[in-house]
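*Asks:* Quick one: the structure is below, questions incoming.
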Amino acid sequence: MTLWAGRSLIVLSLAHLLGMGVQTTEHLDDWLSGALWGLSRDEFVEPSRAAGAFWLVIASFAVPMLLLGMLVCHLSRQGLVVPAPIGWGLGAWCLIGAAILEPSPLLLGLVPAVLLVRDARGQGTASPADGCRAGGAREGAAPGPVPR
C-alpha cells in the first residue's frame, strides 16, 4: 500500500505541475527575466498574474508533494513503512484545503493519506500521536521509518 501511496502522490503532483504549467506558459518570460524579484508586500497579498501563476505552479504544493511521493516509494522499496503521522497530516491538509476551496482536487490526496495510515496501522503505528513520543520515536524504537 505504501508504494501505491507514493505513486499516487507522484501522479497527482505531476498532473498539477503539467496541467497548471501548460496554462501559465505566457508568464515564462516574466519568471525568467527576474520580473518577480523584489516583489512588494502587496504583491504577496494580491499577486499580479505572473506572480499568481508562479505560486500556482513552481511554488505550489506539487513540488514538495512530488518529493514526498518519491521518498515514500523509496522507503517502500527498502521495506520500510512510513509513520502514520505523515498520512494523518497529509489527510488533514487535504481536508482543510478542500474545505476552503471547492471544487478542489485536494480531496484526491486522501487516497494516499488513507493508504499510508492503513499500512502503518498494520505495523501498529496508526494513531496520529504515534511517532510523536520521545522526540519522534515510538517507545523502545529508534527514530525514523518503521521497518516492515
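*Asks:* Return the FRET efficiency for the residue pair Trp31, Arg121: r is the Cβ-Cβ distance, R0 is 35 Å, and the value is rounded to the nearest 0.05.
*Replies:* Numbers: r = 43 Å, r/R0 = 1.22.
Taking R0 as 35 Å, the efficiency between Trp31 and Arg121 is 0.25.
*Asks:* Further question: Using a 1.4 Å probe over the heavy atoms of the protein chains, calculate the carbon and sulfur portion of the accessible area of segment 1-99 as a whole percent. All intermediate terms of the calculation are to be shown ahead of the outcome.
*Replies:* On the way: 4020 of 5860 Å².
Within segment 1-99, the accessible surface is 69 percent carbon and sulfur.
*Asks:* Could you pull the Cα extents of segment 16-64 along its three principal axes, largest to smallest, in whole Å?
*Replies:* Principal-axis extents of the Cα atoms in segment 16-64, largest first: 28, 21, 16 Å.
*Asks:* Please calculate how many Å² of accessible area segment 34-101 carries per residue, with a 1.4 Å probe and no DNA, RNA or ligand atoms counted. It would help to have the intermediate numbers written out before the result.
*Replies:* On the way: 4080 Å² over 68 residues.
On a per-residue basis, segment 34-101 sits at 60 Å².
*Asks:* With unit charges on the beta carbon (Lys/Arg positive, Asp/Glu negative), name the residue among Ile86, Gly34, Phe61 whose Cα is farthest towards the positive pole of the charge dipole of segment 1-99.
*Replies:* With unit charges placed on the Cβ atoms, the residue in question is Ile86.
*Asks:* How far, in nm, would the chain grow between Leu14 and Arg77 when pulled straight, counting 0.36 nm per residue and subtracting the alpha carbon separation?
*Replies:* Values: separation 63, 0.36 × 63 = 22.68 nm, distance 2.08 nm.
Value of the extension gain: 20.6 nm.
The values are calculated or read from the model by the stated rules, or taken from the named source; none is laboratory data. Note that the coordinates shown come from a computational prediction; the quantities given were computed from them, not determined experimentally. Quick reminder, even Gly has a Cβ in these numbers, built from the backbone with ideal geometry, and neighbours come from all protein chains shown. Ligands, DNA and RNA are stripped out before the accessible areas are found, and what is left, the full protein with its side chains, is counted by its heavy atoms. Shrake-Rupley method; radii C 1.70, N 1.55, O 1.52, S 1.80 Å.
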